[in-house]
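What follows is one structure encoded as structure tokens, with my remarks underneath.
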């Protein structure tokens, strides 16, 4: 297990009726801006519930943050924050809204062109406005981490930034807030969380026994609760799903282990170019990537096969193939297609994705940096 530092200052407030606890966690003075997405928070009453829990505050609102939050839209929010001198932000929504609020929090006090935050992957962020979150869609883990992914529509780019300045002060996680979500979004969230774990777990062994068991327990729980989480409003299953998504990407299982993230980097470009849901791009890329990287990931892939899917029969090659097949089958059973052709994309898309990866400087991906454009082409062509 490698040396590491684990830092996470976010306070998690979990359970039924926890939005009422906003009052004791949000400053009583200053101006509070509530930011949300396309209107579901208004329609299902969550926005009114948030405002009701903040008596006596001066409240501002900004809606319209997209599922893939755009730089262009977020800069409109930044202008309002600066003009109105907002002092605390609240994100009401899923990972996209929270990612967007992280950018707004960092961009509002930023002295230069805020695009520089993304161009430097967050290295130039010196300060940020404090903010809290009210999670309505479990998936990205953004409610308990310091990462954010932002799209710039005019350039067809999707970039990531990270800074210790943009950890949420607190995050409210009420599983009942997921009851109004369509099945598609629940399925997306399960796959997103699953792949987050895989990016940190399925690399190379470094003797991190406890981290491996943590990761495997999240994967096993997601597999176990997925059918009921999608098909019913069972509180226990939704709660387990929500907590899995948070734990999948709060830094804990990444501590002391190598990380991959190639599936995400390739998937980001598919979303940037074709607007396919983020989780669905991950479902397209991961099975093909695992097949391509069987030799490099052999030991962990065999461990994954045995511990997560209980595959113990056959040769090493057969068990690895079966584990990848089980992974693909899991995604498909949740309704997420696993080939580019399922989205009417062919070889021309492969060329475009590769061009965008090079444009973004993503020419050495994976835990060992060995996924170059040639290997990436093989992965994408296998995903056709």
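All of the numbers you see were taken from the coordinates with simple rules; none came from a lab. What you see is a predicted model, and the numbers here were worked out from it, not measured in a lab. Quick reminder, even Gly has a Cβ in these numbers, built from the backbone with ideal geometry, and neighbours come from all protein chains shown.
Count the DSSP beta bridges whose two residues both fall in the stretch 11-178, then state the antiparallel fraction as a percent rounded to the nearest 5.
Antiparallel: roughly 20 percent of the beta bridges in the stretch 11-178.
Please tell me the relative contact order of the stretch 183-382 in percent, rounded to the nearest whole number, where contacts are Cα pairs under 8 Å and at least six residues apart.
In percent, rounded to a whole number, it is 26.
What are the principal axis extents of the Cα atoms in the stretch 11-178, in Å, biggest first?
In descending order, the Cα extents are 40, 31, 26 Å.
Computed on alpha carbon atoms, what radius of gyration and Dmax characterise the stretch 1-77, expressed in Å?
16.0, 50
So how tilted is helix 347-359 from the main axis of the chain? Cα-based, degrees 0 to 90, rounded to 10.
Helix 347-359 and the main axis of the chain meet at about 60 degrees.
With a cut-off of 8 Å between alpha carbons and a minimum separation of six or more residues, what is the relative contact order of the stretch 188-260 in percent?
Once divided by the residue count of the stretch 188-260, the mean separation gives 51 percent.
Which residue fluctuates the most in the chain, going by a Gaussian network model with Cα springs under 10 Å, if the choices are 237, 146, 44?
Looking only at 237, 146, 44, the largest GNM fluctuation is found for 44.
Once every Cα of the stretch 183-382 carries one equal point scatterer and solvent is ignored, give the base-10 log of I(q)/I(0) from the Debye formula at q = 0.10, 0.12, 0.13, 0.15 Å⁻¹, two decimals.
Result of the Debye calculation: -0.39, -0.58, -0.68, -0.92.
At 0.36 nm per residue, minus the direct Cα-Cα distance, what do residue 348 and residue 378 gain on full extension? Give it in nm, one decimal, please.
9.4 nm
Using a Förster distance of 30 angstrom, determine the FRET efficiency expected from the C-beta separation of residue 48 and residue 11, and round it to 0.05.
0.80
If r is the Cβ-Cβ distance from residue 332 to residue 358 and R0 is 22 Å, what FRET efficiency results, to the nearest 0.05?
Efficiency for this residue pair is about 0.10.
Can you give the relative contact order of the chain as a percent, counting alpha carbon pairs under 8 Å and 6+ residues apart?
16
Note the full-extension length gain between residue 113 and residue 204 as 0.36 nm times their separation in residues minus their Cα-Cα distance, in nm to one decimal.
28.8 nm
Suppose each label sits 7 Å from its Cα in the direction of the beta carbon; what would the residue 154-residue 60 distance come out to in nanometres?
Placing both labels 7 Å beyond Cα along the Cβ direction yields 2.3 nm.
Which translational diffusion coefficient, to the nearest whole µm²/s, is obtained for the stretch 96-179 from the Stokes-Einstein equation, given a Kirkwood hydrodynamic radius over C-alpha pairs, 20 °C and 1.002 mPa s?
Taking Rh from Cα pairs, D becomes 163 µm²/s.
Which distance in Å, rounded to a whole number, links the C-alpha centroids of the stretch 258-280 and the stretch 314-384?
Centre-to-centre distance over Cα atoms comes out at 10 Å.
What angle do you read, to the nearest 10 degrees and between 0 and 90, between the alpha-carbon axis of helix 183-201 and the longest principal axis of the chain?
Relative to the chain, helix 183-201 is tipped by roughly 60 degrees.
How far apart, in nanometres, would the label points at residue 235 and residue 312 be if each is projected 7 angstrom from Cα along the Cα-to-Cβ direction?
Between residue 235 and residue 312, the label points sit 3.8 nm apart.
So what's the gap between the Cα centers of the stretch 177-233 and the stretch 1-72, to the nearest angstrom?
Using only Cα atoms to place each centre, the spacing works out to 24 Å.
Output the 0 to 90 degree angle, nearest 10, between the alpha-carbon long axis of helix 71-84 and the longest principal axis computed from the alpha carbons of the chain.
The helix 71-84 is inclined about 20 degrees to the chain.
Nearest 0.05, what FRET efficiency do residue 368 and residue 83 give at R0 = 41 Å with Cβ-Cβ as r?
After rounding to 0.05, the efficiency reads 0.30.
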